[in-house]
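Student: Encoded as structure tokens, here's the structure I'll be asking about.
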Amino acid sequence: MMSREPVIPCKGFRTGTPLAAWRVDAFVKVTLINHTENPDRICAAAAQSCYSEKGASELFDATSNDRARNMIDKVVSMGHLSVVEHAHFTFSVEGVSRALTHQLVRHRIASYSQQSQRYVSMEKAEYVIPPKIADDEMAKAAFTKAMDEAWRVYRDLSKAVPKEDARYVLPNACHTNITLTMNARELWHLFRLRCCRRAQWEIRLMAWMMLAEAKRVAPILFSNAGPGCYRGACPEGDYSCGRPYDKAKPPTEQALLAESAGADE
Ligand SMILES: Cc1cc2nc3c(=O)[nH]c(=O)nc-3n(C[C@H](O)[C@H](O)[C@H](O)COP(=O)(O)OP(=O)(O)OC[C@H]3O[C@@H](n4cnc5c(N)ncnc54)[C@H](O)[C@@H]3O)c2cc1C
């Protein structure tokens, strides 16, 4: 397997944090590569334009942070959510498993571009080892053996048949990169579902990293974004984990990684 630096490279998190050895395999790289300029003020001006004789061009210049916060809170509390669709965010998510991206692309109000297994050589065995497998010697040995075998067959097959057919033997664990663009409304929805402890560990880690990045550039729009338990009772009902996140104390990267491995926070 390709080795990687044991760091979390997400800008929203502390970078360069040395991690325990197994965490090298729980590597998710999230980068906010572009976003609507002034996302908070754009959405606030758009909201205000619904109730004003003035147009958003004039309102935008006159919108202070306090006014933007009041305006966004007001329209959101009324369920007038389309105003936050004016802010777009483009993320690059790299070195994650195909198991993660399969879940991610179920979120339909988005644009995606994913690394192709037809055009990009998959000859290097690059894959994600789930922390619980990496932590268990026997499980890790069985897992690694299966990966080695999958890639051995892949290399043999790709000498005889097109890559698009050889790739059928590659596993869910296979590394991939994906670029995605979502508006703030869809990001709220994604964070509600995927920051939740009921979401799978890898996509949960990705979602919290994305939330940290989104908050950095649009603190007003994302001030209440996060798992369902941030806004009251757990929406998961009988499936609730019973351990609501504390909005006043968002989880650290260490806590999220420890959760991924099944350890207590
Ligand atoms: C913990 C967890 C477990 C899951 N388990 C499974 C599983 O076992 N099997 C499985 O198949 N999936 C599973 N999913 C995926 C889930 O069912 C959704 O497909 C995924 O979360 C995308 O969310 P969404 O459909 O609400 O919204 P998105 O696609 O993100 O769309 C956002 C919103 O837009 C609206 N919308 C979008 N498209 C339509 C449409 N065609 N018609 C009407 N309204 C629309 C809806 O209001 C929707 O909520 C799971 C998700 C989670 C978080």
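Each value in this text was obtained by applying a stated rule to the coordinates, not by laboratory testing. Since the model is a prediction, treat every value here as computed from it, not as a measurement. Glycine gets a Cβ as well: all are built from the backbone with ideal geometry, and neighbour counts include every protein chain shown.
Student: Which of the lysines could a cross-linker bridge to residue 54, judged by Cα under 23 Å and excluding same-chain residues fewer than eight apart?
Tutor: 74
Student: Okay, next question. Taking the Cα centre as origin and putting +1 on Lys and Arg beta-carbons and -1 on Asp and Glu beta-carbons, what dipole magnitude results for region 24-159, to the nearest 20 debye? Don't skip to the end; give the middle numbers.
Tutor: Numbers: 17 positive and 18 negative charges, 87 e Å.
Here region 24-159 has a charge dipole of around 420 debye.
Student: Cα extents of the chain along the three principal axes, largest first, in whole Å?
Tutor: Each principal axis gives a Cα extent; for the chain these are 69, 42, 37 Å.
Student: Right, here's the next one. Output wanted: per-residue J couplings in Hz (rounded whole) for region 165-182, from phi through Karplus 6.51 cos²θ - 1.76 cosθ + 1.60, θ = phi - 60°, x for Gly and Pro.
Tutor: Each residue of region 165-182 in turn: 8, 4, 5, 4, 8, 6, x, 4, 6, 3, 4, 8, 10, 9, 10, 9, 10, 9 Hz.
Student: Hey, got the dipole for region 87-145? About the Cα centre, +1 on K and R Cβ, -1 on D and E Cβ, debye to the nearest 20? List each step's numbers first, then the result.
Tutor: On the way: 8 positive and 6 negative charges, 62 e Å.
That gives a dipole near 300 debye.
Student: Still on this structure: Please work out the FRET efficiency for the pair residue 236 and residue 142, using the Cβ-Cβ distance as r and a Förster radius of 35 Å; give the result to the nearest 0.05.
Tutor: Numbers: r = 32 Å, r/R0 = 0.91.
Calculated value: 0.65.
Student: Taking the simple approach of a point 7 Å from Cα along Cα-to-Cβ for both residue 34 and residue 246, what is their distance in nm?
Tutor: Result: 4.0 nm between the two label points.
Student: Just to compare against my own numbers: the Cα pair-distance distribution for region 147-265, 5 Å bins, whole % per bin, please.
Tutor: Here the calculated profile for region 147-265 is 2, 10, 17, 18, 14, 10, 9, 8, 7, 4, 1, 0.
Student: Name the residue from 245, 130, 55 whose Cα lies farthest towards the positive end of the charge dipole of the chain, charges +1 on Cβ of Lys and Arg and -1 on Cβ of Asp and Glu.
Tutor: 55
Student: What's the angle, to the nearest 10 degrees (0 to 90), between helix 137-160's Cα axis and the longest principal axis of the chain?
Tutor: It is inclined by approximately 80 degrees.
Student: Sorted from largest down, what three extents in whole angstroms do the Cα atoms of region 47-175 have along their principal axes?
Tutor: Projected onto the principal axes, the Cα atoms of region 47-175 cover 69, 36, 22 Å.
Student: Which angle from 0 to 90°, rounded to the nearest 10, does the C-alpha axis of helix 65-77 make with the longest principal axis of the chain?
Tutor: Orientation of helix 65-77: about 80 degrees from the principal axis.
Student: Determine ³J(HN,Hα), in whole Hz, for all residues of region 112-125 in sequence, where each value follows from phi through the Karplus function 6.51 cos²θ - 1.76 cosθ + 1.60 and θ = phi - 60°; x replaces Gly and Pro.
Tutor: 10, 9, 10, 3, 8, 8, 8, 9, 9, 5, 9, 4, 6, 6
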